[in-house]
Amino acid sequence: MTNSERLLLQILWDWLREQQSLLRSPFFPVLFSLTVYLSFCLPYLCLDLLCSRLILVRCFKIQPQSKVTWAKAWRCLRKIFHNHVCFIFPLSVVHWYWRPVFFPPLAPEMLSVVINVLACLLLFDMQFFLWHLLHHKVPWLYHVFHTEHHLYTAAFSLMTEYTGIWEMLSLSFFTTLNPALLDCHPLTEMLFYVTNMYLSVEAHSGYDFPWSPHRLVPFGLYGGAQHHNLHHLKSKVNYAPYFTHWDRLFGTLQRLDTQKKSRNTETLKKL
């Protein structure tokens, strides 16, 4: 790690340590989760509202015929705030009481941050895939616990956390468990939460941009928005949230129709 990278992380960590009164508050996990989540959703929500008016936006939409209405957005927002207030906040109080936040004086090394965040993402990807596959293969689990998330066949950002309480608690458990298993630095843990939330929102965004993560990761190793949109459309494919190796191994991987890709490319060339 270069001196500039070390200094940058240390400056960030020193600033966070100065906010200890906020970070140690039982209100912080809820405020952090809602703020980061809604901040990632907002740009996509704006694009959804512009999609019907601007062809430049519409040609990047994976299912351009679908519309995100205020009724859909409000329904998702009500569910999100209800889950956070009624369930996330009480659990964060319990977590705050039993596991106080520890603030070491030194920031982690950049290489350690990258390796641990990637390891947490790979662990979460495996856990989510197995949980997700099980809840689709067992009809009772699907109808009781998971069907709510499949209310809409065209994914959009705000439906990322449109889930029942069992699904929300299960995935939250995986998210908090992995940094603890790897004994991550608190800064690394926070960066993993932010990264995981962004990738989850992006996977549900419904948009395929030239800079989308699945286009930046080589060899088709990452699925992203295309991958997950097909899952909501067809339900029986693409169970992994991010990467594609588990779906390849279990024979559940499916790609977006190449004809649709070419149509979008031709539309973009005409603009």
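For residue 6, project a label point 7 Å along Cα to C-beta. Then give me every residue of the stretch 110-142 with its amide nitrogen under 16 Å of that point. Under 16 Å, as judged by backbone N against the label point of residue 6, lie 110-113 of the stretch 110-142. Among 65, 226, 127, the largest mean-square fluctuation in a Gaussian network model of the chain, built with springs joining Cα atoms closer than 10 Å, belongs to 65. Computed extension gain for residue 195 through residue 42, at 0.36 nm per residue and net of the alpha carbon distance, reaches 53.5 nm. Amide H contacts of residue 243 (H built 1.01 Å from N, in plane; Pro and chain starts excluded): 223 sit under 5 Å, all sequence-distant by 5 or more or on other chains.
Projecting the Cα atoms of 123, 201, 139 onto the dipole axis of the stretch 118-226, where Lys and Arg carry +1 and Asp and Glu carry -1 at the beta carbon, places 139 farthest toward the positive end. Among residues other than residue 93 with Cβ under 13 Å from its Cβ, the summed charge is +2 (Lys and Arg +1, Asp and Glu -1).
Does the stretch 71-164 come out rounded, prolate or oblate, given a ≥ b ≥ c as the square roots of the eigenvalues of its C-alpha gyration tensor, rounded meaning a/c under 1.5 and, failing that, prolate meaning a/b above b/c?
In terms of gyration-tensor shape, prolate.
Grab the other residues whose beta carbon is less than 13 angstrom from that of residue 69, score K and R as +1, D and E as -1, and report the net. Residues near residue 69 contribute +2 overall.
Between residue 234 and residue 69, the modelled label-to-label distance comes to 2.9 nm, taking each label 7 Å out from Cα in the direction of the beta carbon. Every Cα-Cα pair in the chain was counted, and those over 29 Å apart are 36% of them. Sparsely packed loop sites in the stretch 203-261 (the trypsin sites (Lys or Arg not before Pro) outside DSSP H, G, I, E and B with at most 15 other Cβ atoms within 10 Å) comprise 236, 255. Ratio to report: Rg/Rh of the stretch 10-127, with Cα atoms as the point set and Rh obtained by the Kirkwood method; give two decimals. Here the Rg-to-Rh quotient is 1.07.
Comparing 221, 91, 181 in a Gaussian network model of the chain (Cα springs below 10 Å), the most mobile by mean-square fluctuation is 181. GNM remark for the chain: springs join alpha carbons under 10 Å apart, and the peak mean-square fluctuation among 201, 93, 113 falls on 93.
Taking the Cβ of residue 12 as the centre, find all other residues whose Cβ is under 15 Å away and add up their charges (Lys, Arg: +1; Asp, Glu: -1). Don't jump to the answer; show the numbers that get you there.
Values: positive: 6, 17; negative: 5, 14, 18, 109, 189.
Surrounding charge for residue 12 is -3.
Scalar couplings 3J(HN,Hα) for the stretch 222-230, obtained by applying the Karplus form with A = 6.51, B = -1.76, C = 1.60 to θ = phi - 60°, are 10, x, x, 5, 4, 4, 7, 5, 5 Hz; x denotes Gly and Pro. Here, the stretch 167-210 has an Rg and a Dmax of 12.5, 36 Å when only alpha carbons are counted. Couplings for the stretch 96-113, taken from phi via the Karplus curve 6.51 cos²θ - 1.76 cosθ + 1.60 with θ = phi - 60°, read 4, 6, 8, 9, x, 6, 9, 10, x, x, 9, 6, x, 6, 4, 4, 5, 4 Hz in order; Gly and Pro are left as x. For the chain, build the charge dipole from Cβ charges (+1 Lys, Arg; -1 Asp, Glu) around the Cα centre, then report which of 19, 213, 110 sits farthest towards its positive end. The listed residue farthest towards the positive side: 213.
Amide H of residue 207: which non-local residues (sequence gap of 5 or more, or other chain) have their own amide H closer than 5 Å, using H built in the peptide plane? Distant-sequence amide H within range of residue 207: 62. Under the combined filter of DSSP loop state and at most 12 neighbouring Cβ atoms within 10 Å, the stretch 85-176 retains these chymotrypsin sites (Phe, Trp or Tyr not before Pro): 102.
All of the numbers you see were taken from the coordinates with simple rules; none came from a lab. Only a predicted model underlies this, so the values are computations on that prediction, with no experimental measurement involved. Counting neighbours? That spans all protein chains shown, and the Cβs are built from the backbone with ideal geometry, glycine included.
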